[in-house]
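Note sheet for the following structure.
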Amino acid sequence: MKKLALIAIASAFSASAFATPETFTIDNTHTFPRFEYNHFGYSTQLSRFDKTTGTVVFDQAARTGSVDVTIDMKSVSTGSPLFNEHIQGEDFLDTGKYPTATFKSTKVVFNGDKPSKVEGNLTIKGVTKPVTLNVTSFHSMEHPIVKKTAIGANATTTIKRSEFNAGKYAPYVGDDVTLTIALEAIKQ
């Protein structure tokens, strides 16, 4: 029995010794952070950002990873050029002073061999708060066009915009904002 336990321990160490972190570059043509909020009780508004950069480090065997994302806040897309300008103003995103938002992970939690949560720090308008992104889907395989390993995920969290100095008209315009990111990244 002791011999079996030693073999199991040795196997665990040897498996982790061969684990290799891989770095993936975010595919800006297939990565879109979105946000939604209640608008005066009339409707749920949904908008997105069109320019996102960053990297994901992923080691499936060791069940480790990290995420570093930068969102160009001036690329906000509400469906209306006039409202894009309005939401970029000082009362909301203040993109003149804070042109980017960032998310930097502090921990990736795995369920089996797939990430299920990504804990980290979200910075909007110079304010940094801890958030947990709940991963609702994850997939890794060779990309059929570029012939490199690619990963994709969808993740979501809810924040209070007032905590990021963007709370104008709250609570009439919902303070709770659901953030969702559809992310694809290709191995470097």
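Exactly one residue out of Lys114, Lys104, Lys97, Lys129 is charged (D, E, K, R), surrounded by 15 or more Cβ atoms within 10 Å (Cβ to Cβ) and either within 22 Å of Gly54 (Cα to Cα) or touching an Asp or Glu at 6+ places or on another chain (Cβ under 6 Å) (or both), and it is Lys104. Would you be able to tell me the number of residues in the stretch 20-36 that are in a loop (DSSP other than H, G, I, E, B) and surrounded by 17 or more Cβ atoms within 10 Å (Cβ to Cβ)? The qualifying residues number 2.
Filtered by the rule that a residue be in a strand (DSSP E or B), free of Cβ contacts under 8 Å to residues at least 60 places away in the same chain and closer than 17 Å to Thr178 by Cα, the stretch 37-80 gives Ser43, Thr44, Gln45, Leu46, Ser47, Arg48, Phe49, Ile71, Val76, Ser77.
Table: residues versus (1) under 21 Å from Ile186 (Cβ atoms); (2) at pLDDT below 95; (3) touching a strand residue (DSSP E or B) at 6+ places or on another chain (Cβ under 6 Å).
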residue: Pro33; (1), (2), (3): yes, no, yes
residue: Val57; (1), (2), (3): yes, no, yes
residue: Val67; (1), (2), (3): yes, no, yes
residue: Phe83; (1), (2), (3): no, no, no
residue: Lys107; (1), (2), (3): no, no, yes
residue: Ser116; (1), (2), (3): no, no, yes
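Would you check if Phe83 is in contact with a His (Cβ under 8 Å, 6 or more places away or on another chain) and outside any strand (DSSP E or B)?
Details: in contact with a His (Cβ under 8 Å, 6 or more places away or on another chain): no; outside any strand (DSSP E or B): yes.
Considered against the rule, which asks whether it is in contact with a His (Cβ under 8 Å, 6 or more places away or on another chain) and outside any strand (DSSP E or B), Phe83 comes out as no.
Of the listed requirements (1) closer than 21 Å to Phe24 by Cβ; (2) buried (at least 19 other Cβ atoms within 10 Å of the Cβ); (3) not polar (S, T, N, Q), Ala61 misses just one: (2).
The values are calculated or read from the model by the stated rules, or taken from the named source; none is laboratory data. A quick note: this is a predicted structure, and the numbers were derived from the prediction, not measured. Reconstructed Cβ throughout: ideal geometry from the backbone, glycine too, with neighbour counts over all protein chains shown.
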